[in-house]
Structures are given as C-alpha cells and as structure tokens.
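Single-structure report; data block below.
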Amino acid sequence: MMHSPNLSISEKLSSSSENAARFAGRAAAAKGVRHAAAAPKDLMHVELEGNLKAHLHGFLQQAIKHYKWFTRAQLNSRIRAFKFPSDRPPEIPATNLKGVAGNLPSHKGSITMTSGQMLQFVIYSLEIFRPLLTQAARTSAEYAAWVAHVTYFQALLHTTSLGIEARQTAASPSLGNLQYRASVPKGSRYQAGTEARLFSSAC
C-alpha cells in the first residue's frame, strides 16, 4: 500500500490497519515499543541516541556476560572486519557491558557511538551477530526483541520515504531533521535474512 509523501510518520503508520497488525505481530517481543501510537518524530534522538543505545547495551550485556553466546573480542573482530559503507562503528569497550547486581543490564547502560555510527551498526547488526549465535540463541526472546526493534526502526525509515538507498552517493547524513539516508554497497539492498525483512508490501 502506497502512502502520500505529505503524511506525517504517525499518520503513515496508523493509516493502515494492515500495517498496524504487521507491526504488532513482529514487534511483540520488544517491550515498550508502541508501534503506531508513539512513532517518533525525531529518529536521531529518540532511537539512535536513545532507545537503540539502551536496548543494544541490554542485549550485549546479556549475550556476552550472562549467556556467554560470544565474547566481546569475537564481536569486536566482526566489527573490525565488516565493510561498513560509512561512519564505521568503533569496537565495543568493556565499560559498555557493565551491568548491575544479578548480572542484569544497567538502567543507565548505553553504547559509546555517535548517531551516525549507531545508524550503520543497527542496519547491519543482524549480519554481524548471526555468525556468532547458536541456533538456541537465535530463537531466544532476547534476540527476537532485538530483531523486532531493528525491523521496527527500519520500517520507520522506509515509511518516511528516506529508506535505505542502494546508492553510495546517498551516504551523507543530516540527522538533526530526519533528512538523512543510510547507504548500502552500490547495486545491493540491505537484507539480513528472514528475521528482518522490511514491510515493503505494506508501505
């Protein structure tokens, strides 16, 4: 279903009951995500500088410290080797994984990245994580919640008609007012397996 480019993000997300049903089903594991009622108007501050950083801290703290699905060294090796098209994310420092009593994520936890670096990491995070995860980890509630959040975020980008452009020339972020695009290598379109297929048929 195509939406008018003049509609706001919230209008686009809530104008279709079909879209709402799809978001509700796929984002159910991401606690606190209200897919249609609270679509952010500023993705940089609400998601890239806020929700996604807190969620990524929680996911990594549990994956590395609690479940021991992979090590920080293994993750950083994947980050170093990955061919990001722009704004290369830094390695994850040990301080970003500091939790609280009971080996739980900290409510103050975050990730040391700029918004541009977070944009790139989030877009490619499922490709980065997947080789590090066992089948049991891939079917865990923690990973399902991260997949849902990534899918939700990408659907917001897609719905605003900014999307993920398959042109290297579209890689100049201007994040303050949502006039940005995330680039992927020329001639390709981001797809991280069956977990994170965008809702192209519904938007």
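Bear in mind these aren't lab numbers, they're just calculated from the coordinates by the rules spelled out. This is a predicted model, so every value here is computed, not measured. Virtual Cβ from ideal backbone geometry, glycine too; neighbours counted across all protein chains shown.
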Fewest-first ordering of Trp69, Trp146 by Cβ atoms within 10 Å yields Trp69, Trp146
Most exposed first, judged by fewest Cβ atoms within 10 angstrom, Arg130, Arg80 run Arg80, Arg130
At Ala94 and Ala73, where each label point lies 7 Å from the Cα along Cα→Cβ, what is the point-to-point distance in nanometres? 1.2 nm
Positive minus negative residues near Leu60 (Lys, Arg vs Asp, Glu; Cβ under 13 Å): +4
If the chain between Thr134 and Thr114 were fully stretched, how many nm would it gain, using 0.36 nm times the residue separation less the Cα-Cα distance? 4.2 nm
Most exposed first by the Cβ proxy, i.e. fewest other Cβ within 10 Å, how do Lys65, Lys83 rank? Lys83, Lys65
